[in-house]
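Every read-out reported here was derived from the displayed coordinates using simple, explicitly stated rules and does not represent laboratory data. The shown structure was predicted, so the numbers you read here are calculated from the model rather than taken from an experiment. For neighbour counting, all protein chains shown are included, and Cβ atoms are generated from backbone atoms with ideal geometry for every residue, glycine included.
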Amino acid sequence: MHIYIEKYDRQQGMLLADFVYVEHLDQFCDRIGQRLNEADERTMILIEGLNFVSGIYPKEGCVYHFPDELITKYKWNRESIEESEEEKEIGSSDIIAFRAKGNGEIPSFFSKALKRYKWNLAKPKDLSYWDGKPCGGKGIKEDLSVKVRNVGQGNWNEVYKKDRCILIYDLGVSIKYNNHQVKQIIRNTQAFKDSPSLIISHWDIDHYKAIFQAESELLGSLCCVFCPAKLPNLTSERAFKRLKENCNYINSIEEDDSRLISRRISLSLVFDEPNFVLFRGEKSSDRNKSGLSIAVWNKNSSIILAGDHYYYQIFDYIYKKIPQGLKVNLVTPHHGGEAGSLKRYIGNIPNVNIAATSTGENNYEHPKPENKKNIIKMGFKWVSTNEVNGDIEILL
């Protein structure tokens, strides 16, 4: 059996994993003597209190053989399918199928991550009737703004031309939010009524989790969808299936082979328009480096929406496509957390303006003081959703 590590917090002893193949989920259910009914499409498993003291620690975004000891050592409980507003450590009943509780210190039973395994690819939809580019991106002049949604430790950005939303970048929310909280966030936006384009930066659950609570009518209102083609686990497959069932046009973008320029994963242009660019990260074992990222600008100012990409990818690739002389705004990558070093860029990026951070309760201590300090050292004005306790709007 193969499992994909969605989240692993060594300090808190939390492991959120998913299956790569349906047959492996079935094997797991047989092993624990439980079954999911046909209406239950959830596939993730959560272990809390997992205190590894030695061995190989699992890495997020990687696939491993499922250690037999983790199946047999714990009592697995099926997550209720009934919607509840009850607060849990991770109130994610729309993604979690089974939970288990660890107790005491144990060695890690994980072997090395698998380098070769077969994954599914998201197939494009109706490209013959569509130019393959986001709607509403042409003719941007002055009235442009970006709203960074207050979604906890997740990512959801909206780009507006005047009062009309033309683009949503990610539909992510904190994995700690339960269904009721996610639905409330969806109700608090008017973006869908404008038939915007949607870009999913990468298939990390806190960048697409709201797809499961969005009504089909809302997803059907989207002009078009862009997403990475590689679907790493069953939950991402389910999310893509929802998009494909409801959206008319989908462009799934495959990774380029890695060139490893200076031993680093580079970015490739998907398209280059007068007012916006879309990049795709090359093939990488680090899912944060191989997603979709975008920059948008008018005649005065620009903003970079980079998902979880690293700073060198942002400033060595995306930033260099922005016309010189414009103010530079940034939604800080990885929720203001670890995205590589900023030191070489301090003092070398002119006209920086606002750095908006989407962050909330998390076990990773994001945003870390050192990262915030370096962003401010670059000259950015720091603002975060948890500090203002609401959405952040940036006028370009």
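Express as a percent, rounded to the nearest 5, the fraction of DSSP beta bridges in the stretch 121-395 (both residues included) that run antiparallel. Present the calculation step by step, with values, prior to reporting the outcome.
On the way: 31 of 53 bridges.
Counting only bridges with both partners in the stretch 121-395, antiparallel ones make up about 60 percent.
With a sphere of radius 9 Å drawn around the Cβ of residue 8, what net charge do the other residues whose Cβ falls strictly inside it have (Lys, Arg +1; Asp, Glu -1)? Intermediate values should be presented prior to the final figure.
Numbers: positive: 7, 10, 59; negative: 6, 9, 60.
Around residue 8, the charge tally is 0.
Between beta-carbons, use under 10 Å as the cut-off and find the net charge around residue 148, counting Lys and Arg +1, Asp and Glu -1. Intermediate values should be presented prior to the final figure.
Numbers: positive: 147, 149; negative: 158, 391, 393.
Net local charge, residue 148 excluded: -1.
Set the Förster radius R0 to 45 Å, insert the Cβ-Cβ distance between residue 195 and residue 320 as r into 1/(1 + (r/R0)^6), and round the FRET efficiency to 0.05.
0.90
Based on a Kirkwood Rh over C-alpha pairs, give the Stokes-Einstein translational diffusion coefficient of the chain at 20 °C and viscosity 1.002 mPa s in µm²/s.
99
Antiparallel versus total DSSP beta bridges in the stretch 152-307: what percent is that, nearest 5?
Beta bridges within the stretch 152-307, antiparallel portion: roughly 65 percent.
Give the residue from 216, 291, 318 lying farthest towards the positive end of the charge dipole for the chain; charges sit on Cβ (+1 for Lys and Arg, -1 for Asp and Glu) and the dipole is referred to the Cα centre.
With unit charges placed on the Cβ atoms, the residue in question is 318.
Ranked from highest to lowest mean number of other Cβ atoms within 10 Å per residue, what is the order of the peptides 143-152, 322-331?
Output ranking for 143-152, 322-331: 143-152, 322-331.
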